[in-house]
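Enquirer: Take a look at the following structure, please.
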Amino acid sequence: MSVTNLLENWSQFRQAHPVGDAPHAEYKWALSIDLDTCTGCNACSVACYAENNLPVVGKEKYDAGQMMHWMRIERYWDEDDREFPDQGAQFLPMMCQHCEAAPCETVCPAGATNHTADGLNSQIYNRCVGSRYCSANCPFKVRYFNWYDYPTTENVWPAEMTQQLNPDVSVRSKGVMEKCTFCVQRLTAAKSTARSEGRLVRDGEVQTACQQACPTNAITFGNLVEPESKIAKQWAAQQVELAREGQAKDEEAGGSDLRGYRIFEELRAYPSVMYLERVRESAI
Amino acid sequence: MHRFLRLSVLLLGSFISATLYAAEVSQPLVTADDLGPKVEQPIEFPHNRHAGLRDPADAADPSKPAKGGMEIDCRYCHTAARRSANAAIPPLQKCVGCHQTMNSVRETPRIQKLFEYWDAKKAIPWKKVHDLPDFVRFNHERHLKRFIDGQGKSVQEVCGYCHGDVKNMTVARRQKSLAMGWCVSCHEKDHPVDATSTKTTHGPNDCWQCHK
Amino acid sequence: MIENSFNRRDFLKVMGWGGAAVALSGCGNTSVQDGVEIVTSYVEPAEYALPGIGVYFNSTCAQCDAGCSITGRVREGRVLKLEGNANSAINVGKLCGLGQAGVQAHYNPDRVRQPLLRTGDQGEAITWDKALGLINEKLGAVKGDEVAFLTGTVSGHSKVLLGNYLDALGSKNHYAYDAVSPSVVRAANKKAYGVEMPRLRLDKAEVIVSFGADFLGAWVSPVHFSQQYGQFRKAGKDGKRGVLVQIESKMTLTGANADRWLAIRPGTEGVLALGIINALAAAGVSVPADISASVKAYDAANVSKETGVSVEQIGKLAALLKARSPSLVLVGSAAEGYVQGSQIAAAVALLNQVLGNVGKTIEAPAHVPFPQIAATVGNRASLQALNNSVAGGKVKVLFSFGVNPLFTAPPALNFAENLKKVPFKVVFAHYLDETALAADLVLPLDSNLEDWGTSVPEYLTDGSQLNIQQPLMEKLHPETRGLGDILLALLKQRNANEYKDFEDYYAYLRNAVIKNKSALGGALVDDDTFWGETLSSGLLKLPAGASSLSGHASAVSLSAVAVADSAYPLHLIPSITANMRDGRHANQPWLQESPDPLTTIVWDSWVEMHPKKAKELGLVEGDIVEVASRNGSLKAQLYIFPGIHPDAVSIPLGYGHEAMGRYAKGIGANAFKLLDVVVGQETGELALHETRVKISKTGKRVIVVKDEGAAGGMQMHKKIAVRVSTDNVKLSGEV
């Protein structure tokens, strides 16, 4: 077997959809975030805490890197030694990218993380044994481990605060890995409603918690398979294809004048989140 | 060198025996007869009286206490089953809706207890008979839609498949294992999509459909 | 017999244990437990209440004064999550992090649950009857003008009842206080435009120049402005998107999003504003002769020397404003911060006028047809006025709610000591904060999600609206009461007859709204339907009315900026962060754990210092420094922050609580206690940036707990968060 043959087969294998059913037949969920309209306000992050029963860990555990924010806002400065950051800062909302060829899915010893037919990277809490290999492999570092048993930890959910918990989302106990799910509980509910009415989920009918909260509408979410959906039109307008590591537009001379890109695309994980570059006015 | 080898063999041996021991001793999730425990409810609700088959003698002489049931459809009380993930225990007003006019049984002890709750506007603390772990998501609506609406099967057959022959019970008692393997055994079968179609599908086998 | 007309309250007559048990079981039940849990079951639910399906109710957020409408998802009788209400023109279905945390304000374990009477240092739980009786008794022994009310911004029908109660008492002493209000901006707007809060059209502007107005963070109505900002940044058919320039001495969230952020010497914003007018005239923009003459001295060289903004930058700014129209110039902290703040704001108004923005991006606000429910806004000067009154022994009974003056009062006011002169203090409180702890009687309030009410936001957009607040679930603690219910009970003590038809505040509200049904678009429907539709929508659009801008900006003369103080060399800029604001939400853990967007610090306060200044003083990140002003001092961790003028340091407000529950107490240090009492020349409002401080090492150092990690905001030249210049991007084909 030649090396070329091996590489080709490997490439096919990497992209082979683990689920036997026709993948992306009806749905392929994807997200896009416009970094020019994202203001870094953190509304999305707090909304995610509310929707997905995220525990608040407190200062000490935060210091140990044990925070649990599924959606975090990274803040970057320009790296050119100017006296002031006179073109502002850069905010980047980062969450599980639901990679089509996810590095985390292949390494779980317990098979707790898989790829669904509608294009999500699933995390099954009751299968997870806590090896943490998946988070070691994740290039985006968006997987969070329950180092403690938060349901029984003091002041995480005291007294009446347990009543705020969302019954559609498991409350995780110690030893379990968790991450952004694209609000799968909302997707499941929307798909069930649509199925009862004999149709597919319409564009805009289901929103993730972060998208729903975002005051500037920087987040767009939807079904990439439906050509009339806003997300599909956006990805198409930006000429970003899901299962490609080098986009055609980037090979043009001088680079592309379109804003859409994915992070660490060269790692060939095929993330389902597209970012739109932040713009800075040249006239000022 | 020898010391190293001895240590490795010792450790490996301990590991193997520990594993074997654990496999022997670990408790199976499900009891031998797949039957749930007897659950004591605040009021011993007789499903047989309500959902059970009619006894022809009852129609002949309505003045005597009924021997048979009234063949009430499961969905009359468990209304949420066709439109929600939960089947739901019926609200108190569902019971009272009929019973407030039924003078023949008004003074019986269980009905009296019912009205005590009603007058106090207090919900009856029914105990949960069919429990699933909190990380499992089961959707009644989808199953009813597929089998009753889609395939035209009878309510008794469909509800009974998982809940057993409730119409012959007083308080409900779990009849099937409800363990994952048991659910998956049905999901792996191919069922017709609806009553007229030749197309078949099996149930979802994607973990996230049922685990949340 | 099932009731025909469902009563909104009947739905809430839910179960007993079902809800709580189901929720509690969410904690790690990994086994099958037949016959153990109690199932949710109802008594007489509304038709639409099905277990397993969420019911959505609309209400109003009370986490800040913007008055966004919320939609609460309620499952099995408990509210789980809040979203924005799509019906409201203010937030258009969106909600900020503060709004999301409203559920934590409601479910907070440290809520006051019973009326508390002070006995020595303790609070003894008493009955409502006893509490209300005690109030009546105390009031009977004093004259009307010896009673005072201290509140935050009030509007809607609780404002009406409050006004009526004050009238019944014979008191005119209502102090509306807000420690971080944009009061100087309001006064300046009134002068320049004839109204305190004109409608700002960020969505129509092509350029926004903001002198410290943090409109994306915590200024006026951030969710509304953010929503407009989203539109502002979308390129039009010409492929051009809106340009934001932020000018301030310390970078705010809005500043972090600017195309150009200009660090300016503290207090010189007015100079720059006039300098821009000068530059516009020089660039050929038509400026009235008198204005042109008045800004002659503000040529680019002089302005640059005074402000620190380069001549080149001033030129570019003028060129941009000349080329793109309409623009919008905003002023925020520049006005609130300084003794000459009013003049700075006036200079900005003049700039808007010269640019022709009035009537284009600065419009007349919506008219509120019922002035008795329009907002009475809080300001900082009220506290000074109350303090004088209290110090003079003029107040014998003080009621307060919605504010925490013992936490926010500058030390030089001596407010805590003066308050001891008030023999009877009643606080309506959600939590035992610093002010509640000093009270003689604490009355426990329903949370915002349990209570009835109405409100009219100060900042209105497309028409005016009456926000409806309705309970999203049964109250958690049986002994708390709604604000309206407490006011009604107090009113009935004075005038039982007038309010005898109203069993409770709900009845009063319903009557008040239905009474005006015809004026509110409900002429053709019956009362019940109208009320039902109103509750269902969550708000009522109020009838439109005429409203216009008046006033005229005239030439401005600026006073000199205060000279540096050698003993206290640095300016203190206390920052108003979106999450903490004046500290009212420090006990909501999501907000403590939510990293500050600029520094990413959590669960603590900090001192921001420019790297140049830090190097000069030999300080590194994590050094515990003592920050001392003439009136107070505090210790906090140092954070090296490039987005601040080297002559200033910045400390966030809202931390350093000594009470208010487990999530607030002992977290961080209270920057309010550093503030010198220096007031604005024209308004008498506390000038927030006029405090001077000195920094000294303590020798201690900690590791700063922050989200950014060791990389400290560097991408190491990887393509993570990418920016592109407008020269290199095509925006016109975007979706």
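Every number here is computed from the coordinates shown, using simple stated rules; none is lab data. Source: prediction; values computed, not measured. Because the Cβ atoms are built from the backbone with ideal geometry, glycine has one as well, and the counts that use them run over all protein chains shown.
Enquirer: Considering only DSSP states other than H, G, I, E and B, which GluC sites (Glu not before Pro) in the range B:99-197 qualify as loop sites with at most 16 other Cβ atoms within 10 Å?
Expert: For GluC sites (Glu not before Pro) across the range B:99-197 that sit outside H, G, I, E and B with at most 16 neighbouring Cβ atoms in 10 Å, the list reads B:Glu107, B:Glu188.
Enquirer: Here is a further query. From zero outward in steps of 5 Å, how is the percent of C-alpha pairs of the range C:496-560 spread across the bins?
Expert: All Cα pairs considered, the percentages come to 3, 12, 18, 15, 10, 9, 6, 5, 5, 5, 6, 4, 1.
Enquirer: Mind checking the log10 I(q)/I(0) for the range B:140-210 at q = 0.23, 0.27 Å⁻¹? Debye, one equal scatterer per Cα, no solvent, two decimals.
Expert: The Cα Debye sum returns log10 ratios of -1.16, -1.33.
Enquirer: Give the calculated FRET efficiency between B:Glu107 and A:Glu26 to the nearest 0.05, with a Förster radius of 60 Å applied to their Cβ-Cβ distance.
Expert: That pair, B:Glu107 with A:Glu26, gives E of 0.55.
Enquirer: Report the rotationally averaged projected area of the range C:101-244 based on its alpha-carbon convex hull, in square nanometres.
Expert: Result: 14.0 nm².
Enquirer: Ok, one more. I'd like the isolated cysteines in chain A, meaning no second cysteine's beta-carbon lies under 4.7 angstrom from theirs.
Expert: A:Cys38, A:Cys41, A:Cys48, A:Cys99, A:Cys108, A:Cys128, A:Cys138, A:Cys183, A:Cys214
Enquirer: If you wrap the range C:144-195's Cα atoms in a convex hull and average its projection over all directions, what's the area in nm²?
Expert: Mean projected area of the Cα convex hull: 4.5 nm².
Enquirer: Sticking with this structure for a sec: Over the C-alpha atoms of the range C:570-701, what are the Rg and the largest Cα-to-Cα span, Dmax, in Å?
Expert: Gyration radius and largest Cα-Cα distance of the range C:570-701: 14.4, 43 Å.
Enquirer: On the first, second and third principal axes, largest extent first, how far apart are the outermost C-alpha atoms of the protein assembly as shown in Å?
Expert: Each principal axis gives a Cα extent; for the protein assembly as shown these are 107, 95, 72 Å.
Enquirer: Can you give the convex hull volume of the alpha carbon atoms of chain C per residue, in Å³?
Expert: It is 199 Å³ per residue.
Enquirer: Could you line up C:Leu591, C:Leu166 from fewest to most neighbouring Cβ atoms inside 10 Å?
Expert: Neighbour counts put them in this order, fewest first: C:Leu166, C:Leu591.
Enquirer: How big is the range A:1-142 along each principal axis, measuring the range of its Cα positions in Å and listing the largest first?
Expert: Ordered largest first, the range A:1-142 gives principal extents of 58, 37, 32 Å.
Enquirer: When a footprinting reagent is the concern and you count Cβ atoms within 10 Å, what order do A:Thr181, C:Thr119, C:Thr726 take, fewest first?
Expert: In order of increasing Cβ crowding within 10 Å: C:Thr119, C:Thr726, A:Thr181.
Enquirer: Nearest 20 debye, what's the magnitude of the dipole of the range B:140-210 about its Cα centre given +1 on Lys and Arg Cβ and -1 on Asp and Glu Cβ?
Expert: It works out to roughly 220 debye.
Enquirer: Inside 10 Å of the C-beta atoms of A:152-162, what's the mean count of C-beta atoms belonging to other chains?
Expert: Per residue, the average neighbour count from other chains is 5.
Enquirer: Average the reciprocal distances over every distinct pair of alpha-carbons in chain B, invert the result, and give the Kirkwood radius in Å.
Expert: 21.1
Enquirer: Using the Kirkwood radius over Cα pairs, work out the Stokes-Einstein diffusion coefficient for the range C:343-461 at 20 °C and 1.002 mPa s, in µm²/s as a whole number.
Expert: Estimated diffusion coefficient is 121 µm²/s.
Enquirer: Taking the Cα atoms of the range C:187-232 alone, what are Rg (to one decimal) and Dmax (as a whole number) in Å?
Expert: Just the Cα atoms of the range C:187-232 yield Rg and Dmax of 11.1, 30 Å.
Enquirer: Sorting A:Leu242, C:Leu328 on the 10 Å Cβ count, fewest up front, what's the list?
Expert: With the sparsest Cβ surroundings first, the list reads A:Leu242, C:Leu328.
Enquirer: Using only the Cα atoms of the range C:214-259, what semi-axes does the equivalent ellipsoid have when each is the square root of 5 times a gyration tensor eigenvalue? Give whole Å, largest first.
Expert: For the range C:214-259, the semi-axes come out at 20, 14, 6 Å.
Enquirer: If we count every other residue with Cβ under 14 angstrom of C:Leu320's Cβ, Lys/Arg +1 and Asp/Glu -1, where does the sum land?
Expert: Result for the neighbourhood of C:Leu320: +3.
Enquirer: Could you list log10 I(q)/I(0) for the range C:398-529 at q = 0.13 Å⁻¹, which the Debye formula gives when each Cα is one point scatterer?
Expert: Scattering profile of the range C:398-529, log10 relative to I(0): -0.74.
Enquirer: Report the percentage of all Cα-Cα pairs in chain A whose separation exceeds 37 Å, rounded to a whole percent.
Expert: That fraction is 16 percent.
Enquirer: Can you list the GluC sites (Glu not before Pro) in the range A:173-269 that are in a DSSP coil and have 16 or fewer other beta carbons within 10 angstrom?
Expert: A:Glu197, A:Glu205, A:Glu228, A:Glu241, A:Glu245, A:Glu252
Enquirer: Please return the longest range in chain C lying between exposed loop sites, taking GluC sites (Glu not before Pro), DSSP loop only, at most 12 other beta-carbon atoms within 10 Å, and leaving the sites out.
Expert: Free of exposed loop sites, the longest segment is C:48-497.
Enquirer: Taking the Cα centre of the range C:167-297 as the origin, how large is its charge dipole in debye, to the nearest 20, when only Lys and Arg (+1) and Asp and Glu (-1) carry charge on their Cβ atoms?
Expert: It comes to approximately 280 debye.
Enquirer: Can you tell me what the convex hull of the Cα atoms of the range C:456-530 projects to on average, as an area in nm²?
Expert: Its average projected convex-hull area is 7.2 nm².
Enquirer: Of A:Gly255, A:Trp157, A:Cys99, whose Cα points farthest to the positive end of the dipole of the range A:22-276 (charges on the beta-carbon: +1 Lys, Arg; -1 Asp, Glu; origin at the Cα centre)?
Expert: Value: A:Trp157.
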